[in-house]
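> Here it is: the structure, laid out below.
Please treat every number below as a calculation from the coordinates, not as lab data. As the structure is a prediction and not an experimental result, all values here were calculated from the model. With ideal geometry, Cβ positions are generated from the backbone for all residues, glycine too; neighbour counts draw on all protein chains shown.
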Amino acid sequence: MTSAATRAGTASSDNVLHGVLLMMCGLLILSSTDGVVKYLSEFFSPLTVAFFRFAVQLVIILAIATFQKRSWLSLLKETTLPLFCRGLLLAVGSVFIVFGLKYLPLTDATAIFFVQPVILVVLSSVFLKERVGPKRWLAVLIGFAGVLVIMRPGTGVFQPASLLVLAAAFTFACYLMLTRKLSGQASQLAIQFATGFAGSLFILPIIIYAWLTGFGGDLVIANQEANFTLPTILLCCLGATGLIAHVLLVKAFERAPASVLAPINYVEIFSATTIGYLVFNEIPDEFVWIGVGMLICSGLILANAERKPSPS
């Protein structure tokens, strides 16, 4: 009996460890992807970058469906309106974040985006009628204060592009809230198809309009005289890396509790800082680090509240 219990405990610990490792790998890929997006903004417009992220994902999913001998029409039939709206929210958020990364330091953009769990708490309280205890409201206040410290509105260092990242955080929070409601209602293949389909369908007409009318000048290609070989390869890989990262995150949550994995999210801030320094020569100031500290504190409070939910 003891031996069986020990083996079960070891298996459980191994699962948690695997979940943590998968989470860290997924987050490192996401940070690298953000760095690539920022680099690509020197060659392509943010809209082009965002479009390829979804178009490549759509092509990959269709290829997988073909390999599994599933008809594309069956995937389209599985794409319900809520699933399409979920993909649309992700597309809008991606456009915001890509524009934000073009103009903001990588660490600043990543840190501001981490207000998203705080926004999700507020939205869940209002729309899903989830009970939010004093600890979570404290986390909300600390999180928003941290973002204000990083953005510093009303000062000479305030950058309007930070509002785009804030809008992205809000949109992603809505996306996650809808994901909660749709949990278990469709296959993973159908969900990823709907995401790629909705994103491509949303962004492509805007790019075509910009190309035909010349509206915005460099909306389609930001730098037409540069060598596009490496940027084009990276652009085509964008959807694949994003898809791999999200699959790793899903697998991580299958193996370890959310309360264990939530604090690991902040690895992304430090990896973004490293990439920003090594690739773009960006050094965050002390206000950014203070804001990051407040956001991490907010996230840890939320993680602790999830582990020990308030009694009804």
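> Each residue of region 200-212 in turn: what ³J(HN,Hα) in whole Hz from Karplus with 6.51, -1.76, 1.60 and θ = phi - 60°, glycine and Pro shown as x?
So the Karplus estimates, Gly and Pro as x, are 5, 5, 6, 8, 4, x, 5, 5, 4, 4, 5, 5, 6 Hz.
> To continue, here is another question. Would you mind calculating the gained length between LEU204 and THR229 on full extension (0.36 nm times residue separation, minus the Cα-Cα distance), in nm to one decimal?
The span from LEU204 to THR229 would gain 6.8 nm if fully extended.
> Counting only residues 5 or more places away or on other chains, whose amide H sits under 5 Å from the amide H of GLU130 once H atoms are built in the peptide plane?
SER125
> So, one more: Apply the Karplus curve 6.51 cos²θ - 1.76 cosθ + 1.60, θ = phi - 60°, to the phi angles in region 38-45 and return the couplings in whole Hz, x for Gly and Pro.
5, 5, 5, 5, 7, 10, 10, 5
> Hand me the tally of lysine pairs in the chain: alpha carbons under 21 angstrom apart, and the pair either on different chains or 8 or more positions apart.
Taking the Cα cut-off of 21 Å, the pair count is 7.
> To the nearest 20 debye, what charge dipole does the chain have about its Cα centre, counting +1 at the Cβ of each Lys and Arg and -1 at the Cβ of each Asp and Glu?
1200
> Determine ³J(HN,Hα), in whole Hz, for all residues of region 88-105 in sequence, where each value follows from phi through the Karplus function 6.51 cos²θ - 1.76 cosθ + 1.60 and θ = phi - 60°; x replaces Gly and Pro.
5, 4, 5, 5, 4, x, 5, 4, 4, 5, 5, 4, x, 5, 5, 10, 10, x
> Sticking with this structure for a sec: Give the long-range amide H neighbours of SER45: residues separated by 5 or more places, or on another chain, with amide H under 5 Å away, using H modelled in the peptide plane at 1.01 Å from N.
The answer is ILE221, ALA222.
> Rounded, prolate or oblate: which fits region 16-307, taking a ≥ b ≥ c as square roots of the Cα gyration tensor eigenvalues, rounded meaning a/c under 1.5, else prolate when a/b beats b/c?
oblate
> Roughly speaking, what is the stretch gain from ASN281 to LEU300, that is 0.36 nm per residue apart minus the C-alpha to C-alpha distance, in nm to one decimal?
3.9 nm
> Run lengths n ≥ 4 of DSSP H only: what is the helix-derived mean residue ellipticity at 222 nm for the chain, with -39500 (n - 2.57) per run over all residues, to the nearest 500?
-26500 deg cm²/dmol
> Quick one: net charge around LEU248, please, counting Lys, Arg +1 and Asp, Glu -1 for every other residue with C-beta under 12 Å from its C-beta.
Net of charged neighbours comes to +1.
> Just add up the charged neighbours of VAL92: K/R +1, D/E -1, any other residue whose Cβ is under 14 Å from the Cβ of VAL92.
Value of the local net charge: +2.
> Right, another one. Could you grab the relative contact order for region 16-307? Cα pairs under 8 Å, six or more apart, rounded to a whole percent.
The normalised contact order for region 16-307 reaches 43 percent.
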